[in-house]
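Everything below concerns the one structure shown next.
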Amino acid sequence: MTGTSSPSTISTKLQQVAELAKGAPELVFTTLAHHIDIEWLREAYRRTRKDGATGVDGQTAEEYAEHLEENLQLLLDRLQSGTYRAPAVRRAYIPKGDGRKLRPLGIPTFEDKVLQRAVAMLLTAVYEQDFLDCSYGFRPKRSAHQALEVLWKRLMDMKGAVVIDLDIQGYFDTVEHAQLRRILDQRVRDGVLRRTIDKWLHAGVLEDGALRYPEAGTPQGGVISPVLANVYLHEVLDQWFAVIVKPRLEGDAFLIRYADDAVLVFASERDARRVLAVLPKRFGRYGLTLHPEKTRLIDFRQPRTSRGRRGERPGSFALLGFTHYWGRSHRGRWVVKRKTASERLTRAIKAVRRWCRAHRHEPIAEQQKVLGQKVRGHCGYYGITGNAGALGCFHNAVVRAWRTWLARRAQQRHMPWERFKRLLQRYPLPPPVAFHSVARAAARPCA
């Protein structure tokens, strides 16, 4: 790459935009696109993943980098002149839930990802000043584990609560473009940026050789989609709950949202039922539909000792891949526990089995390396305090799957455990350990 990008210069520009947005919450930005210059695009390129799937043009990041400066300059010229055309996104599918259903993804071209990253950097600088503490998904310096930790701490402080488990049907496919434009009008009216965003919203979707143009939604998988999704739900849910709902409640309540996954927690059951009754109407105003079965009210109050003796099971709910439930601590006290959601655990185990089957003829050292990465990656997310049982279950399933398919490649029905143990001593897998503790402080939820 000829020339060098200057991340510090870009950070200064982003900080200036952020400070202006923070100091003037009612300000509408009509000029933002001038910040996107060749240096800005270099930084956007640096932040763009290079190992993602290719779009409809089949161009890889390596091929784009061969003439990087020329490509970035042409991209900038087309953006500034208004001649940039958003290419169609390639439709792909990944397993959803228990793996029996598939989630559609829209894969942009690499160049489109770079430009989306450049625009997303600007929008993030503006909207990070407006977003509330209750949202955690796809935001700088925020993570799913922070959301889980805040939820755990507040539930323990409240000794349980009544929870609304929120599920939006096909969120990324049903966002109304007119409503999204109206929401963006409140903060960003820069003509260049808005026309570019409109081009992405109307970009075609290529699937099985057929090109179609959706009338709603943002392509899940695009770099710009998470930012637009947060902007939309900030208006639909976060701001509404904090400004309109909470002042009218009798007891304490808070919201935790990660992208389109959210739970609303109430100290009062009456408050929870009142809010649950108006939620479908609120989301319907913005073209969104709540799943009638998955959106539910859960009594998650701390079990009484007498209730426990009768064998009644307190309610549970899932968020971000973890099932939250009440259980006894080592000292016999009721505590909120988290374990890997059963469908997530099943899906992870099935994926490992498929991999072992497909790669059973590779050298054992190579198999050990990849399986070790899978174990560490799984524990890196699900390794939280109190989840040792599910971690051990996954680790044992990996060991069993590896043993099974190593035996099959030798055309044996079974491999003796003594022989496999010797192999594990030479090619050990990492142990299942917890990486995340609930002892750390975390950001506060919506008050």
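The values are calculated or read from the model by the stated rules, or taken from the named source; none is laboratory data. On a predicted model such as this, the values are computed, not experimentally measured, just so you know. Cβ sites come from the backbone with ideal geometry, for glycine too, and all protein chains shown count toward neighbours. What goes into the accessible areas is simple: the full protein's heavy atoms, side chains included, and nothing from ligands, DNA or RNA. Shrake-Rupley method; radii C 1.70, N 1.55, O 1.52, S 1.80 Å.
Things to note:
- Test: residue in segment 357-366 that is under 29 Å from residue 143 (Cβ atoms) and either buried (at least 16 other Cβ atoms within 10 Å of the Cβ) or in contact (Cβ under 8 Å) with a residue 12 or more places away in the chain (or both): no
- Here residue 218 passes the criteria (1) more than 28 Å from residue 47 (Cα to Cα); (2) touching a Phe, Trp or Tyr at 6+ places or on another chain (Cβ under 7 Å); (3) buried (at least 20 other Cβ atoms within 10 Å of the Cβ) except the one numbered (1).
- Those residues of segment 42-91 which are in a helix (DSSP H, G or I), within 23 Å of residue 195 (Cα to Cα) and without any contact (Cβ under 8 Å) to a residue 24 or more places away in the chain, in sequence order: 74, 77, 78, 81
- None of 372, 377 is without any contact (Cβ under 8 Å) to a residue 12 or more places away in the chain, open to solvent by less than 70 Å² (accessible area, probe 1.4 Å) and among the small types (Gly, Ala, Ser) except 377.
- Yes/no for residue 345 being under 19 Å from residue 317 (Cβ atoms), part of a helix (DSSP H, G or I) and aliphatic (A, V, I, L, M): yes
- Filter result for the condition that a residue is touching a residue at least 40 places away in the same chain (Cβ under 8 Å) and open to solvent by 30 Å² or more (accessible area, probe 1.4 Å), over 206, 233, 180: 206
- Hits in segment 92-111 - residues which are without any contact (Cβ under 8 Å) to a residue 24 or more places away in the chain, over 19 Å from residue 203 (Cα atoms) and not in a loop (DSSP other than H, G, I, E, B): 94, 96, 101, 102
- Matching entry among 167, 157 (being in contact with a strand residue (DSSP E or B) (Cβ under 8 Å, 6 or more places away or on another chain) and either in a strand (DSSP E or B) or among the acidic types (Asp, Glu) (or both)): 167
- Residue list for segment 73-94, filter: open to solvent by 80 Å² or more (accessible area, probe 1.4 Å) and β-branched (Val, Ile, Thr): 83
- Of all residues in segment 371-388 being in contact with a helix residue (DSSP H, G or I) (Cβ under 7 Å, 6 or more places away or on another chain) and part of a helix (DSSP H, G or I), the one that is farthest from residue 430 (Cα to Cα): 382
- Verdict on residue 229 being within 15 Å of residue 176 (Cα to Cα), under 15 Å from the mean Cα position of the chain (by Cα) and at pLDDT 90 or above: yes
- Given (1) under 30 Å from residue 211 (Cβ atoms); (2) at pLDDT 95 or above; (3) open to solvent by 40 Å² or more (accessible area, probe 1.4 Å); (4) not basic (Lys, Arg), index of the condition residue 57 fails: (2)
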